[in-house]
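The values are calculated or read from the model by the stated rules, or taken from the named source; none is laboratory data. Quick caveat: nothing in here was measured; it's all calculated off a predicted structure. Positions of Cβ are generated from backbone atoms using ideal geometry, with glycine treated the same way; all protein chains shown enter the neighbour counts.
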Amino acid sequence: MNFKNIILVLSLLSASLVFAEPAFDGSAVNKSILEQNNTILAIEDVTPLDTQKINPLLIQKEKLEKELSENNIWSKIYSNYHTYKELEKQNTAIDANIKRLKNMKVLTKKQKQQLERDQEIKMTLLGKLQLLKEYEKDPFEKFLTPTAIDTVPKVENPFAVIGALSYREKLQSDIEEYNNRYTSLEYVVEKFKEKQIILQELLNLDPQNKDYIDALKDTEDQIKTFLPVLEIFKTTKNVYSKKIEEIKLNIKNDVQREITRTVTIGAIILFFIFLLFFIKYLVKKYMSEHELFYSINKALNISFVTILILTLLLAYIENVSYLVTILGFASAGIAIAMKDWFMSLMGWVTIVIGGTIHVGDRVKFMRGNIEYIGDIVDISMLRMTMHEDVTLTAYMHNRRAGRIIFIPNNYIFTDMIANYSHAGLKTVWDGIDFMITFDSDIHKAASIAKEITRKYSKGYTDITRKQLNKLRSQYSIKNTNVEPRILTFIEPYGMKISAWYLTNSYATLTLRSTISAEIISRIQSEENIHLAFPTQSIYVDKDVRKPVPDNEDTPVQGTLI
């Protein structure tokens, strides 16, 4: 209390003694003095010096309240939770009042109106409580519960690396979002503590201010509510963070292991690719003209694919028996759903293992009533590729040649496929037929045919004889006669001479054409051999019949030559 205040108090006391009535009691004087002291204290509390202390605190308090109210989910949750508890108290009080009124035997008009109002209020309260139902028990539970950790992907192949890295980024995003929640709650608690300190300072300056008292009580309640939540949050965050870090570390190790394995497998595959191209280069350089060039090239491709598949299986199939079991169960369904493909694969296995058909073989394939003759240029797992050649079949029936024909491998089980060059044989029997008249020299004609066919097929005869002698150890071949065969048959218009000889299975028409021309030329040069063919004479306007001998009674009406 300063000097001016002391003078003011003394002046007031003097004035009260001068103007007081003669009769008064002491209690009144004491009361007057107490009121004057309170007035003096009130005047003292609002001195300019105290106002200078309060105003900055109020500004800080207002700033804190603004920060807590803006974009603060925790304060909003607490507000809703507090509202729910207040509504719950009101509902309990309303229930008690309604129960009390209903238990009364006789109600006045005013009590009935009160009961109706209470029931209406209860309905409204129930609606509000239903809206805030999620804040009944633990309003912070869903914010304290971290994001569920999905099944950790297994990094067992190079493609899974991308999924693992993506999953790792997701975990990082989840932990950052959870840490942000914890940081925001920690920030809110610190602000409430700052607000508590400010309110305490305000109450020290103004102890009777009811607003400050209520605000301090509310702040302390909020701090009491949030501190346990913060402790639980901290513990949960530590556990969750450690679990996430463990998963991330495992994923990192798995990714590094998979990358190392992939690089190793890639290096192995690149080595085999380089080796394949190097061997192919040598084969092409030194064996490009050899008949085994295609077979070696194909074998190299198959070997490389086999090594590649085995490398990948051994690297990425950890449980091969499990794979075999799965394939065993699936084979029945595959065989039914993909019957033709499955049979083609079986046909390919039969062709490769049995050796009935090779690339380069000349084959005849019959489908329905159509025949195709050509050379096999490729054998894949599903089909054979044939290049159609100009042959006697193409000349007499198809009138087409040069086509690429695809033969499914399963046709070897259902259709006839003839191999003209199986087991190294390069020759086939071909025959030429021609007709001579009955009065021709049959033996001479047969001798000419045998002489010509022997002349032109001698080289093929010798080759076939050697090859058949080799095949006798593999096949039961009884007739190994390879000399040309001349056969004679009686036909309606003369004698048919059929000359059979061995020729190159890849060029039958060439030798057939040469031999045919030579036989006709030799036959025509012989006077006692005449070619026979169906003829008919028609006489019109002129009698060209031969004169009838004198000893004939009946003339000849017509002659067929």
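Figures for the structure shown
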quantity	calculated
Only one of Q222, Q208 that is over 30 Å from E156 (Cβ atoms) and part of a loop (DSSP other than H, G, I, E, B)	Q208
Odd one out for N157 among (1) at pLDDT 80 or above; (2) within 30 Å of I247 (Cα to Cα)	(1)
Of residues in segment 474-494 being at pLDDT 80 or above and outside any strand (DSSP E or B), the one farthest from I515 (Cα to Cα)	P492
Residue under evaluation Y456, criteria (1) assigned by TED's automatic domain parsing to the domain that holds S525; (2) surrounded by fewer than 12 Cβ atoms within 10 Å (Cβ to Cβ); (3) in contact with a helix residue (DSSP H, G or I) (Cβ under 8 Å, 6 or more places away or on another chain), criterion not met	(2)
Residue within segment 291-304 that is in a helix (DSSP H, G or I) and touching a strand residue (DSSP E or B) at 6+ places or on another chain (Cβ under 9 Å) present	yes
Qualifying residue in segment 450-464 (condition: assigned to a helix (DSSP H, G or I), among the β-branched types (V, I, T) and at pLDDT 90 or above)	yes
Residue that is nearest to the chain's Cα centre (by Cα), among those in segment 135-158 that are exposed (fewer than 13 other Cβ atoms within 10 Å of the Cβ) and not in a loop (DSSP other than H, G, I, E, B)	K142
Residues satisfying the stated conditions in segment 98-150, i.e. under 30 Å from T235 (Cα atoms) and of a type in the set (A, V, I, L, M, F, W, C)	L132, F140, F143, L144, A148, I149
So A164, is it buried (at least 18 other Cβ atoms within 10 Å of the Cβ), outside the structural domain of N72 (by TED's automatic domain parsing) and touching a Pro at 6+ places or on another chain (Cβ under 8 Å)	yes
Segment 102-134, subset of a type in the set (A, V, I, L, M, F, W, C) and outside any helix (DSSP H, G or I), residue farthest from the chain's Cα centre (by Cα)	V106
Breaking point among (1) farther than 20 Å from K224 by Cβ; (2) modelled with pLDDT under 85; (3) not hydrophobic (A, V, I, L, M, F, W, C), for Y167	(2)
Options I269, I307: the member that is within 33 Å of the chain's Cα centre (by Cα), under 18 Å from N157 (Cβ atoms) and either at pLDDT 80 or above or surrounded by 11 or more Cβ atoms within 10 Å (Cβ to Cβ) (or both)	I269
Filter result (within 60 Å of the chain's Cα centre (by Cα) and among the aromatic types (F, W, Y)) within segment 445-504	Y460, Y475
Residues of segment 394-414 that turn out to be of a type in the set (V, I, T) and crowded, with 18+ Cβ neighbours inside 10 Å, as a count	2
T385 vs. criteria within 30 Å of P534 (Cβ to Cβ) and surrounded by 15 or more Cβ atoms within 10 Å (Cβ to Cβ)	no
Residues (touching a residue at least 60 places away in the same chain (Cβ under 8 Å), exposed (fewer than 15 other Cβ atoms within 10 Å of the Cβ) and over 33 Å from the mean Cα position of the chain (by Cα)) located in segment 222-254	I232
